[in-house]
1. Mind listing just one residue for me: the one in region 334-350 that is of a type in the set (Val, Ile, Thr) and out of contact with any Cys (no Cβ under 8 Å at 6 or more places or on another chain) and, of those, farthest from Pro395 (Cα to Cα)?
2. Give the number of residues within region 116-143 that are more than 19 Å from the chain's Cα centre (by Cα) and either farther than 24 Å from Tyr105 by Cα or of a type in the set (Gly, Ala, Ser) (or both).
3. Go through region 144-167 and report how many residues are open to solvent by 60 Å² or more (accessible area, probe 1.4 Å), among the polar types (S, T, N, Q) and more than 18 Å from the chain's Cα centre (by Cα).
4. Hey, can you tell me all the residues within region 366-416 that are buried (at least 16 other Cβ atoms within 10 Å of the Cβ) and acidic (Asp, Glu)?
5. How many residues are in a helix (DSSP H, G or I) and not aromatic (Phe, Trp, Tyr) when one looks only at region 294-329?
6. Contact list please: Cβ distance under 6 Å, first residue in region 210-223 and of a type outside the set (Lys, Arg), second residue part of a loop (DSSP other than H, G, I, E, B), pairs at least six apart or on different chains.
7. Of all residues in region 69-94, count the ones that are in contact (Cβ under 8 Å) with a residue 12 or more places away in the chain and over 21 Å from Ala197 (Cβ atoms).
Amino acid sequence: MLAQEIIRAKRDGHALNEAQIQNFVDGLTHNSWSEGQVAALGMAVFLRGMGRDEAVLLTRAMMNSGRVMRWPDMPGPVLDKHSSGGVGDKVSLMLAPMVAACGGYVPMIAGRGLGHTGGTVDKLEAIPGYTTAPDPARFDQLVRSLGCAIIGQTADLAPADKRFYATRDVTATVESVPLITASILSKKLAAGLEGLAMDIKCGNGAFASTPEFARELAESIVAVAGGAGLKTRALITDMNQILGSDVGNSLEVIETIRYLTGEYRDPRLHEVTLALCAEMLVLGNLAADTAAARVKLQAALDSGAAAEKFAKMVVALGGPADLMERPHAYLTAAPVVKHVPAPRAGVLATMSTRDLGVAIVELGGGRRKAGDAIDMRVGFSEVKAVGTRLAAGEPLALIHAADDAAADRAIASYLAACTLGDADIAATPLVMAEVG
């Protein structure tokens, strides 16, 4: 079967069959397709689309291109959550131990920061000693004994997707719903899950900037996951402002610890975390409905069980035993901290969340290109939510920077990304829609 004939078929708008898709995935895995051919098929799919059946076939083929995890004799359901990416989104760090404390088993294989969005793996690597790359046997043992472990993506899980995504990234074909769907689900299916909660971020800080695109993506993921045998629910959640009070790798770990120990729980962050955890418990038959699930989850927080799970996971993966008690001893602070003063009295009306994510990258808290080192110390804290009424000069946030010049640039960027008005603003629903 010739690669160019498969490309021609998709170029002309035909649905690809199982043999054609398997040939493509084998070509990705074994390098029998050239970069030009991979790029050409990616563009053909981008322009011509893919039906649900094709997307299921592509997802399954990429899943089977590498190691597929199995969890025999697991005493509870194997569950996970995936986010399409946002600014200040540290939900995974709280969610995994909360679900584990309620009887779920969460083998979370997370990613690094991409573009203006932060990555769960980068946040965890702010913790001294924490290894995000344990060997497979150790990962299996940790999930079974603790109920959760969060690690980085391994090269042997869905390797075909890794190559295909790298090519799409440099050929302007990332924004294809069937290809995004197959990319996400091939890795989640390879993790051997029984249930998946999807968090589709929507708004000016999200990949899905419009409700229409977010719903299209959510419906695609739920349908294709179902076709591939994975129970999935998707929530479309608001990303028109920073999620939580802190952004930046060390700062977000500190916020996670404050959340789990009950010191402080940002209302919006708490709501989205509870909503996603509740969907996971229902998918895993650990709660009859989301209302019952929320009661169990709140009990896991209030009893300290969730915080204990997180602490044990950190220690098991090489982190300090007293991180929860002394986070500031390990999560180093930036040398410069400055206020972002409100230019006038008024109500914080809008926040250009993507621009603030870019500002974090410019502070050194993200990567301009693959392989860049990250300054774990930098970011924003005490971020005021949209709708907050401020006096002139009152801080919109605190900037944490490596030096004064970087802090001053970030202050200017922060002010440019925010608008102040005079009228009070009604709170918008955090969960915008549910699919599945």
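1. Within region 334-350, the first condition is being of a type in the set (Val, Ile, Thr), and the residues that meet it are 336-337, 340, 347, 350.
Then drop every residue that is not out of contact with any Cys (no Cβ under 8 Å at 6 or more places or on another chain), which leaves 336-337, 340, 347.
Working: Val336: 16, Val337: 12, Val340: 5, Val347: 12 Å.
Only one residue fits best here, namely Val336.
2. Number of matching residues: 3.
3. Qualifying residue count for the region: 1.
4. Asp375
5. Within region 294-329, the subset in a helix (DSSP H, G or I) is 294-302, 305-316, 327-329.
Add one more test, that the residue is not aromatic (Phe, Trp, Tyr), and what stays is 294-302, 305-309, 311-316, 327-329.
Number satisfying all stated conditions: 23.
6. From residues that are of a type outside the set (Lys, Arg), the pairs are Val222/Gly436.
7. Residues flagged as in contact (Cβ under 8 Å) with a residue 12 or more places away in the chain and over 21 Å from Ala197 (Cβ atoms) within region 69-94 amount to 1.
Okay, residues lined up against (1) of a type in the set (Phe, Trp, Tyr); (2) closer than 30 Å to Gly13 by Cα:
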site: Glu35; (1), (2): no, yes
site: Phe46; (1), (2): yes, yes
site: Gly49; (1), (2): no, yes
site: Arg52; (1), (2): no, yes
site: Asn64; (1), (2): no, yes
site: Met69; (1), (2): no, no
site: Leu79; (1), (2): no, no
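The values are calculated or read from the model by the stated rules, or taken from the named source; none is laboratory data. Model, not experiment: these values are computed from the prediction. Ideal geometry is used to build each Cβ from the backbone, glycine not excepted, and the neighbour counts take in all protein chains shown. We work out accessible area using only protein heavy atoms, side chains counted, and drop any ligands, DNA or RNA first. Shrake-Rupley method; radii C 1.70, N 1.55, O 1.52, S 1.80 Å.
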